[in-house]
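Read the structure below first, then the notes.
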Amino acid sequence: MAVEDILGVDIKDGEAEKLVTMGDLYELVGEKLNSKTDFDPVWALVCQIAREHSGSRDPIDKKTTFFPKFAEERTELPNATGESDDRT
């Protein structure tokens, strides 16, 4: 189920069979996420959207640049003061 992949939860077949409405799914996922203290659903969605649009399956962390092949060039561009803009 895509919800499991994106949000990092495990929905058992028996649980899925009981789901009737979107509200049921929402409540079940919410319960599962409440027990995961190290999980950030917003970050999971941002990563999923980035992967879908980039086509990349490379690992993503909060320092990953939007355009990795141009990251080195961007860090060498001068900023408004004429100094190198180190974004790494």
* Asked: So which pairs qualify, if the first residue must be in the range 47-64 and farther than 16 Å from D5 by Cβ and touching a residue at least 40 places away in the same chain (Cβ under 8 Å), the second must be surrounded by 13 or more Cβ atoms within 10 Å (Cβ to Cβ) and of a type in the set (S, T, N, Q), the Cβ gap must be under 7 Å, and the two must be at least 6 apart or on different chains?
  -> none
* **Residues located in the range 31-55, provided they are part of a helix (DSSP H, G or I), surrounded by 12 or more Cβ atoms within 10 Å (Cβ to Cβ) and not hydroxyl-bearing (S, T, Y)** => K32, L33, P41, W43, A44, L45, V46, C47, Q48, A50, R51
* To do: Scan the range 56-88 for residues that are small (G, A, S), assigned to a loop (DSSP other than H, G, I, E, B) and modelled with pLDDT under 75 and report the count.
  => 2
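The values are calculated or read from the model by the stated rules, or taken from the named source; none is laboratory data. Model, not experiment: these values are computed from the prediction. Methodologically, a virtual Cβ is constructed for each residue, glycine included, from the backbone with ideal geometry; neighbour enumeration extends over all protein chains shown.
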